[in-house]
Structure formats: C-alpha cells, structure tokens
1. With the cut-off at 1.5 for a/c, could you classify the stretch 170-299 from its C-alpha gyration tensor as rounded, prolate or oblate?
2. Connecting C-alpha atoms closer than 10 Å in a GNM of the chain, tell me which of ARG209, ARG225, ARG267 has the biggest fluctuation.
3. Quick one: pull the percent of accessible area on the chain belonging to carbon and sulfur, 1.4 Å probe, ligands and nucleic acids left out.
4. Would you compute the Debye intensity of the stretch 9-52 from its alpha-carbon atoms alone, equal scatterers and no solvent, and pass along log10 I(q)/I(0) at q = 0.24 Å⁻¹ to two decimals?
5. Multiplying the sequence separation of LYS202 and LYS28 by 0.36 nm and subtracting their Cα-Cα distance, what value in nm do you get?
6. Helix-derived [θ] at 222 nm for the chain: sum -39500 (n - 2.57) over DSSP H runs of at least 4, divide by residue count, nearest 500?
7. Counting only other residues whose beta carbon sits under 13 Å from that of GLU183, what net charge do I get with K and R as +1, D and E as -1?
8. Provide the gained length on full extension for the span VAL288 to ALA235, in nm with one decimal, where the gain is 0.36 nm per separating residue minus the Cα-Cα distance.
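The values are calculated or read from the model by the stated rules, or taken from the named source; none is laboratory data. Everything numeric in this text was worked out from a predicted model, so none of it was measured. All Cβ positions, glycine included, derive from the backbone under ideal geometry; neighbour counts span all protein chains shown. Remember, those area values only see protein heavy atoms, side chains included, never the ligands or the DNA or RNA. Shrake-Rupley method; radii C 1.70, N 1.55, O 1.52, S 1.80 Å.
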Amino acid sequence: MEQPIPITMKDIAEALGVSVATVSRALKDSPRISKPQRDRIKAYAREHNYYPNVLAESLRSGRKKPLKIIGVIIPQLTHFYFSSVLSGIEQEAASRGYIVMVGQSAEQFNREVLLCERFYEHKVCGVIVSQAKNTQSYDHFQKLIDHGMPLVFYDRICTGVDCSRVVVDDYQGAFNAVTYLIETGCRRIAFYSSPMTLEISKNRYNGYRDAMLRKGLKPNDNFFRICDNRADAEAITPELLQQEEIPDSFFAVNDDTAIGILYTAKRMGYRVPEDISICGFTNGQRAVACDPMLTTVEQRGVRVGEEAANILINKVEGITPMDKVEKKIVRTRLVIRGTTR
C-alpha cells in the first residue's frame, strides 16, 4: 500500500484559501488568528496528517531552541553491549520527550568524524559517543564542545577531551574476575585485550595484573595478546595451547572473544573447565547460548545508557551547568557459570 504524500503548510493554505503565514500562526495557536479560523486550519491539518518540519523550523529560527533529538554514535550495532547501551539511552530519552538519531562508526575514525559533522549540521541537542578503536585525534569532539553542543562519552572514553562520561568499573570487574580464577586453582592466566590505546583496555589489564600480584603470581607476558573478537581468538589460541607451557585459564576482554577461546579449546581436545577455565566480560545473550555457559563480568549496558542520556538531557535543559563535567561509574558483577571450576 502506497504511503500518502505529506502535505505542507502551502497545501493547507491553498485548500482553505488563506496565506501560508495564516496557517503557520494558526498551527502555533497565535491569538492574531481568530479561534474559529485556528480550529478550522488545525482540523484540516489533522485530517490530512500534516506534520511540521521541525528541522526546517529550527534552521529558520536560528536554532533558538535545540531539537529534542540526541545524536548517538555506536562503534558496532551488532555488539550486544553497545546495543544494550543504546536501549538504555532510548528508554531514558523517550521518558523525557526526546528521540535518538543513531550512527554507526564501524570502528572507523573517518566515519566517526563525519557523524559528528552530520549531527551538528542536523542541529541535534547533544551527542553521546563511544569512540572507535583507532581514534587518536580528538578535534572533532572538541569542535562540538566549542560550538556549545553537550557531549557525553560512554564505555570508551576520550581522555583528550574534558567532558562528562559514563563507564563501568573496568578495573574492579577485571580484578574480581581474575581473583576468582586464582581462588579456584588457576595459576597461568592468559589475558586477551582490546588495543591498549583504549582506557578500558588499560583499566582491565591493570585489574588483571594487580589481582595476580596480590595473590603472589607474576603475569606472563607470553600469555598476553591483543585480541578482542571471536575470529582472532580462534586464530590466536591454538598457538598458546601448543606451547610447552600452556595457560590453565583465560580472561577475555569481551564475551565473543571468550567464546572463540572456548570453541578452540574444545576443538583441540581440552576440557572446559577441567583443563582450562574461561571468563569473559559483557554477559550478553551468547554467554548462555554456548556449552558450557560462560562465566563473565556483567556490564549492565542499559544502565550505562540511561545514565548517559540523563546527564546529556540535564545539560540541554539547564538543570546541570553546561561546563560541569560529570563522571559516573556503573558497578559490574561477576556471573559464575560453567566455564570456570
């Protein structure tokens, strides 16, 4: 079924024999137009499914009032954690009368820059972003702030820009997970990390290292790999499991990587968790869809999204000063399942 073509104020004016200015004033309930005329024009607009072009109106008014649209940049829409953050943002935004405009950087710096430019051009009221893995220049973020647009980071924060952010307690989550692995008998713990240019990678590595040292164990550099997806985990893990000294456990930066390790270890004839324990970081849907089910650190992405949206909207509405930098930490928890002893 074909959708009806949207009508414009000009269409309404021609149909009712009035000027476009009269239609505009009537739709805004201006007292300069008589009530019967206002009612007549508004009734016609409703009957013919007229919707105002809020973007055009904002541009005409010189952006006196920002649109109630929040720009959100997601590194990967297919990633459970990022989609759960987006769900939290959308829920909080909707409850306060805002909608979200979503862009995926696909882990590409140039695409991230373009999204920031497009969001500014479309006059969104603010931007919530998790930076791409390879982002090391931050001028595009600073430009938004310099133009008076509120910016909030989540998960992958940018230390080069002084603005609000919402993160999980990456250090403590990693520390607790590795401590648990040690307390269940593990001694040779491998760590698969995201690129160490990211703050989350540094924090999780420090949690891993400090848990080892606290228990009198020395991290083995040979058990450390930059690996944050399933495909790479399946390619890299056989090398570690064919050495003379192999890990007796793995702590992975996310669930997909942990599942890649699990699949590979089982394919090579190792028993999980009897021979090798595995722990991830996310607690997405895939964590309970593998065999055995995955022990992992729950990130609570929905809560992260809600906090980020709340900070941004409070700045837009003047509840919080625009220049106030807020730093929120959402607590993680270790979810113990079948891949650990």
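1. On the way: a/c = 1.32, a/b = 1.14, b/c = 1.16.
Judged from the Cα gyration tensor, the stretch 170-299 comes out rounded (a/c under 1.5).
2. Looking only at ARG209, ARG225, ARG267, the biggest GNM fluctuation is shown by ARG267.
3. Values: 8160 of 16530 Å².
Within the chain, the accessible surface is 49 percent carbon and sulfur.
4. -0.73
5. Working: separation 174, 0.36 × 174 = 62.64 nm, distance 5.33 nm.
So the extension gain works out to 57.3 nm.
6. Numbers: 12 runs with 143 residues, N = 341.
Mean residue ellipticity, 222 nm, calculated: -13000 deg cm²/dmol.
7. Working: positive: ARG187, ARG214, LYS215, ARG341; negative: none.
So the surrounding residues net to +4.
8. Details: separation 53, 0.36 × 53 = 19.08 nm, distance 2.30 nm.
16.8 nm is the gain from fully extending VAL288 to ALA235.
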